[in-house]
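Have a look at the structure below before the remarks.
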Amino acid sequence: MDHPQDLLFNETMTSNAATMTPRRPNPRPEQITKAIARRSFCTLATVSAKSRPHVAGVLYVVEENVLYVSTLRTSRKARNISENPRVFVCIPVRRLPVGPPATVQFSATAELLAPESPDIARLVGMGRLKTITGHGELDLPDGCLLRITPEPTLHTYGLGLSLRQLMRDPLNSGGSVKLPG
């Protein structure tokens with residue numbers, strides 16, 4: 001038996017596909033940076049020196065338009081970043097309690113920072129990294145933090161348009177924004 005959302009989707013796609021003029025999403029940079037700052041989970045893709053990809057789910061904190069992640073120096077992601085600082089991030093942005101989330105994704109450069117580095121010490125002192133360091137992460141002998149700096153262009157799926165538009169035309173629901181500065 002068909003589900004109601006399947007019927008709506010199939011009806012919309014068959015009746016409107018030929019006549020629809022694709023409306024490209026037009027997310028605003030501040031809308032996307034706010035969506036990133038309000039979340040705390042993303043997937044982080046790294047690649048080793050031998051070109052072996054690795055994707056891990058991580059918790060993050062945004063501070064000064066940069067993502068910070070706590071990890072261990074011996075983790076695969078940290079080892080990969082020490083060999084190749086180019087990473088890719090995908091952040092799910094749930095808009096409905098069911099169905100796939102919208103996403104923000106971007107290329108970035110990551111670097112490993114010691115817990116005692118001046119930048120980390122300053123942010124910890126201000127309490128800005130508490131959600132990723134509040135469980136003893138800074139006391140681990142192998143602990144470190146990743147500073148992930150996005151490239152200026154962020155890519156989106158399902159943001160910058162209404163849910164109705166997304167359901168009607170999922171194939172044309174990708175967009176991009178340039179970060180200011």
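The values are calculated or read from the model by the stated rules, or taken from the named source; none is laboratory data. Bear in mind that the values here come from a model prediction, so they are computed numbers and not experimental data. Positions of Cβ are backbone-derived with ideal geometry, glycine not excepted, and every protein chain shown enters the neighbour counts.
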Any hit, region 142-156, residues being assigned to a helix (DSSP H, G or I) and either over 22 Å from ASN80 (Cβ atoms) or β-branched (Val, Ile, Thr) (or both): no
Some residue of region 140-151 being in contact with a Cys (Cβ under 8 Å, 6 or more places away or on another chain), under 18 Å from ALA78 (Cβ atoms), among the hydrophobic types (A, V, I, L, M, F, W, C) and surrounded by fewer than 17 Cβ atoms within 10 Å (Cβ to Cβ): no
Within region 163-181, considering residues that are surrounded by fewer than 12 Cβ atoms within 10 Å (Cβ to Cβ) and either within 30 Å of ILE120 (Cβ to Cβ) or hydroxyl-bearing (Ser, Thr, Tyr) (or both), the one modelled with the highest pLDDT: LYS178
Hits in region 62-92 - residues which are touching a residue at least 60 places away in the same chain (Cβ under 8 Å) and out of contact with any Lys or Arg (no Cβ under 7 Å at 6 or more places or on another chain): ASN65, LEU67, VAL69, SER70, LEU72, ARG73, THR74, LYS77, ALA78, ILE81, VAL87, VAL89
Residue in region 135-146 that is closer than 30 Å to PRO27 by Cα and modelled with pLDDT of 95 or more present: yes
Answer residue from region 71-98, given it is under 24 Å from ALA114 (Cβ atoms) and hydrophobic (A, V, I, L, M, F, W, C) and is surrounded by the fewest Cβ atoms within 10 Å (Cβ to Cβ) among those: LEU72
The listed residue being modelled with pLDDT under 95 and of a type in the set (Gly, Ala, Ser), out of ALA49, ALA37, ALA110: ALA49
Evaluation of GLY160 against (1) at negative phi; (2) crowded, with 20+ Cβ neighbours inside 10 Å; (3) of a type outside the set (Ser, Thr, Tyr) (one fails), failing number: (1)
Criterion (touching a Lys or Arg at 6+ places or on another chain (Cβ under 7 Å), touching a residue at least 24 places away in the same chain (Cβ under 8 Å) and on the phi < 0 side of the Ramachandran plot) met by exactly one of LEU113, LEU96, LEU146: LEU113
Residue in region 49-69 that is farther than 15 Å from PRO150 by Cα, touching a strand residue (DSSP E or B) at 6+ places or on another chain (Cβ under 9 Å) and either acidic (Asp, Glu) or assigned to a loop (DSSP other than H, G, I, E, B) (or both) present: no
GLU116 being part of a loop (DSSP other than H, G, I, E, B) and under 19 Å from SER70 (Cβ atoms): yes
Criterion (closer than 19 Å to ALA45 by Cα, touching a helix residue (DSSP H, G or I) at 6+ places or on another chain (Cβ under 9 Å) and of a type in the set (Ser, Thr, Tyr)) met by exactly one of THR103, THR156, THR133: THR156
Verdict on THR109 being under 14 Å from ILE36 (Cβ atoms), assigned to a strand (DSSP E or B) and among the hydroxyl-bearing types (Ser, Thr, Tyr): no
Checklist (1) within 24 Å of VAL69 (Cα to Cα); (2) surrounded by fewer than 20 Cβ atoms within 10 Å (Cβ to Cβ); (3) touching a Ser or Thr at 6+ places or on another chain (Cβ under 7 Å); (4) of a type outside the set (Val, Ile, Thr) applied to LYS130, failing item: (3)
